[in-house]
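Notes for the one structure printed next.
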Amino acid sequence: MKMNVKEAFVSRRSVRRFLPDLVTKDKIENILECAAFAPSGHNIQPWHVYVVQGKKKEEITNSILASIKDGTAKNFKQEFDYYPTEWFEPFISRRRAVGFELYKLLNISKDDYEARDKQMQENFHFFGAPVGMFVTMDRRLATGTFMDVGMFIQSILVGARGEGLHSCGQVAFTKFHTLIADQLDFKENEMLVCGISIGYEDTKAPENDLRVEKLKCEDFTTFLS
């Protein structure tokens, strides 16, 4: 039975451990066909999606991990700033709350940098998900295009719930855009915006017990009349 729209929105969250169970192509196509209706300024539809599975997904994982191991990853930089250079309230407290709770669930102490690095590298294993996606846009477009692509990505994440799947949006991949561009043969002006892992949640994994606090409507809304 398909879930209703509200249930899909409310149940969407970042899952960080997936089962290896096969995700059928028709489910992925359904998600993307629905996401195609996301709004964009002047209907420019500025997104492109690469769906990776099997050998190609493994090749991307191996290339990133190899760069971390040989130290070349230190020279890689993201093409755009996702996070601020200096954090401030209330945003820094919200960020810390997620990190503290995740590491608590994984029984990783604050000063266990080796374990933290290992957990971070799980991003590049797609958290065990059988399907990975990479969303790109043309870098010659303007800042507003990021809003368009963001709405498209949200449509994918919510659409995954409608298919009984879970997901995790991963900006961590963008640091390695040159490696991924080579693997996927990007066009000259194609810029990686986000990676996404999609699959069935491993409900026994402790990291998937993470539940983050969301603001109430009245916390961020001003009604005027």
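Below, the figures for the structure above:
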| item | result |
| --- | --- |
| Residue match in region 11-23 (condition: at pLDDT 95 or above, more than 17 Å from the chain's Cα centre (by Cα) and not in a loop (DSSP other than H, G, I, E, B)) | no |
| Residue among Thr145, Thr178 that is within 25 Å of Asn30 (Cα to Cα) and over 14 Å from the mean Cα position of the chain (by Cα) | Thr145 |
| Filtered residues of region 102-115 (kept if open to solvent by 50 Å² or more (accessible area, probe 1.4 Å) and either closer than 27 Å to Gln53 by Cβ or among the charged types (D, E, K, R) (or both)) | Lys104, Lys110, Asp111, Asp112, Glu114 |
| Selection count where residues are closer than 23 Å to Phe127 by Cβ, touching a residue at least 12 places away in the same chain (Cβ under 8 Å) and surrounded by fewer than 13 Cβ atoms within 10 Å (Cβ to Cβ), scope region 8-58 | 4 |
| Residue within region 85-101 that is aliphatic (A, V, I, L, M) and surrounded by 15 or more Cβ atoms within 10 Å (Cβ to Cβ) present | no |
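The values are calculated or read from the model by the stated rules, or taken from the named source; none is laboratory data. Model, not experiment: these values are computed from the prediction. Using ideal geometry, Cβ is built from the backbone for each residue, glycine included, and neighbour counts are taken over all protein chains shown. Heads up: the accessible areas ignore ligands, DNA and RNA and are worked out on the full protein's heavy atoms, side chains in. Shrake-Rupley method; radii C 1.70, N 1.55, O 1.52, S 1.80 Å.
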